[in-house]
Each structure stands twice: as structure tokens, then as C-alpha cells.
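Throughout, read-outs are computed from the coordinates displayed, never taken from laboratory work. Small disclaimer: the values here were computed from a predicted structure and weren't measured. Cβ placement follows ideal geometry from the backbone for every residue including glycine, while neighbour counts extend to all protein chains displayed.
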Amino acid sequence: MSRKYLIAGNWKMNKTASESGLLVQQIHSSVGSQSTVQVAVCPPFTSMGKVSEELEGSQIALGAQNVYHEASGAYTGEVSAEMLRDLYVTYVILGHSERRQYFGETSKSVNNKILSTVAGNLKPIYCIGETIEQRERNETLDVVRTQIREGLENFSDSEVENLVIAYEPVWAIGTGKTATDDMAQEVHSFIRKTLAELFGENAAETIRILYGGSMNAGNASGLLSQPDVDGGLIGGASLSQKSFCGIVQAALDLEA
Ligand code: PGA
């Protein structure tokens, strides 16, 4: 089963609209015309209109960093799936550990967002991963299994090909500490096994599982060459053309 690599940049709360426009132009001119590796950028909401315009005619997909589960109405400060689709958004990052840590999100509360994302014809990138304390207590596999089961409750089998999982060990995010290739593979293969229990073997083989946590152009090749690592969700290294496209290139080299 061949799954196309997905390299997605999570820009977090960085870049004004004009800065975003410049960065995406650079990424576009460097890797925007190939389709061997799927590339996506997820800028802040204020940059999405600008980035969407810049991406016209390119193979790069646009992603959002959040969505609200209701379709419209009196929800001050929130954005709906339809508003994102209108900007040609494809992916939505959900359940990121920063949203769990600072904004009180849980796997259960994110479940609504995941279901409304697929109902709105967008693809969720559902982030899961253990803290350092959980890893030290040997709870990693239990933690990710619970996150999968709670976050994906009532997820329809027929939507499975639109689901992306990102395994992001919390202790590796923004810290410069990366999971070793073997550590990543162990958890990714466990995630796929858990997905197979929920959706069946064949479906689980189609779901892309990204690694996230201090991935950069230097360590990408080792991580991406693991059999169950299907791409990367990149934070810090997605903020410059050189480092982000270096990771895309590592994926392209593995496909060559
Ligand atoms: P990082 O962030 O690459 O800066 O560790 C990854 C993420 O939070 O998605």
C-alpha cells in the first residue's frame, strides 16, 4: 500500500499576512509544481486569504489551525468549516497539544470538531501524543490509544480516507528533542494497529500518520524512511523556505 507523503507546515501564531505571502511565494517557487509529495501550509487565520491567492495554480494545499463545529451563528471569535472551504482550505489541524494545554481542549471536546470537519468536506489532521511524564511512566501507548478512541468516536468508516493523524510527542514539540526513528516507528505502527481495530485493516493502511516534534531537514530522512511514518507536521522549521523545503526534498529523495 503506497501512501503519498504529506509535509505540512504549522505556522502557529507567526507571520503577518504580508510576511505569509512572501514565504508562500518562496515555497511555491521551490516545491509548488511537483505532486510526488503533498505539501501543505497552515498559516494563521489572518493570513489565509492572502496565502490562498498566492497558492492559485500550485499543488500546495492550504490548511487551517482550528475550526468551530457549528455551521454559523452567534459564536464570537470562531470560524466555520464553510468559511474555510470558501478559501480553498483542504486540511484542518485539530487537537494540537498547545490547544490542549492552553485552551482546555480534550480528545472528547475535539471529537465534535473532527466530525464537523469531515462533514464540511475538509480533512482533519488529528494530533495526539504523550507528555514526558506519561512516557516515563510507560503510558505512551495507552495515552495515544485513548486519544484515538475518544477523538474519533462516531467517525464514519466511509470518511477514513480523509483522515490524517499526527503523532506529536509533547516533549518533542519546539524543544529540539526528536523521537528517534525507532521510537517514532514503534508508536506509529501501534497507532495503525489501533486504527485497524476501529476501521479495519484495509482502511488503516490508507490513513496517513505524520510525525511532529522538532522535525528538520537534518533528521527528516531517517524519520520519513520508517514504514509507518507518512509525512511530517512541522512547526519551527516550517517558518523558513530553506528548512521547510529541505524536509520536502528529503521526502522527494525517498520517493526517487
Ligand atoms: P515543532 O512543532 O516542529 O516546532 O516541534 C511541531 C508542531 O507543533 O506541530
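Please find, within region 154-169, the residue that is nearest to the chain's Cα centre (by Cα) out of those that are surrounded by fewer than 22 Cβ atoms within 10 Å (Cβ to Cβ) and not in a loop (DSSP other than H, G, I, E, B).
My answer is 162.
What is the one condition in (1) within 14 Å of the chain's Cα centre (by Cα); (2) without any contact (Cβ under 8 Å) to a residue 40 or more places away in the chain that residue 208 does not satisfy?
Result: residue 208 fails condition (2) only.
Yes or no, residue by residue, for (1) surrounded by 17 or more Cβ atoms within 10 Å (Cβ to Cβ); (2) of a type in the set (Gly, Ala, Ser); (3) assigned to a helix (DSSP H, G or I); (4) within 9 Å of the ligand (Cβ to nearest atom):
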| position | (1), (2), (3), (4) |
| --- | --- |
| 186 | no, no, yes, no |
| 189 | no, yes, yes, no |
| 195 | yes, no, yes, no |
| 216 | yes, no, no, yes |
| 227 | no, no, no, no |
| 242 | no, no, yes, no |
| 253 | no, no, yes, no |
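Inside region 158-169, can you point out the residues that are near the ligand (Cβ under 9 Å from one of its atoms) and among the aliphatic types (A, V, I, L, M)?
166
Does residue 222 count as more than 11 Å from the ligand (Cβ to nearest atom) and part of a loop (DSSP other than H, G, I, E, B)?
no
Residue check: is residue 180 more than 17 Å from residue 10 (Cβ to Cβ), among the hydroxyl-bearing types (Ser, Thr, Tyr), free of Cβ contacts under 8 Å to residues at least 12 places away in the same chain and more than 10 Å from the ligand (Cβ to nearest atom)? Full working, then the answer.
Working: more than 17 Å from residue 10 (Cβ to Cβ): yes; among the hydroxyl-bearing types (Ser, Thr, Tyr): yes; free of Cβ contacts under 8 Å to residues at least 12 places away in the same chain: yes; more than 10 Å from the ligand (Cβ to nearest atom): yes.
Against the criterion (more than 17 Å from residue 10 (Cβ to Cβ), among the hydroxyl-bearing types (Ser, Thr, Tyr), free of Cβ contacts under 8 Å to residues at least 12 places away in the same chain and more than 10 Å from the ligand (Cβ to nearest atom)), residue 180 qualifies.
Looking at region 229-240, which of its residues are within 13 Å of the ligand (Cβ to nearest atom) and part of a loop (DSSP other than H, G, I, E, B)? Give the steps one after another, and end with the answer.
Filtering region 229-240 down to residues within 13 Å of the ligand (Cβ to nearest atom) leaves 231-240.
Passing the criteria: 235, 239, 240.
For residue 134, indicate whether it is touching a strand residue (DSSP E or B) at 6+ places or on another chain (Cβ under 7 Å), more than 21 Å from residue 4 (Cα to Cα) and of a type outside the set (Lys, Arg).
Spelling it out, it is not the case that residue 134 is touching a strand residue (DSSP E or B) at 6+ places or on another chain (Cβ under 7 Å), more than 21 Å from residue 4 (Cα to Cα) and of a type outside the set (Lys, Arg).
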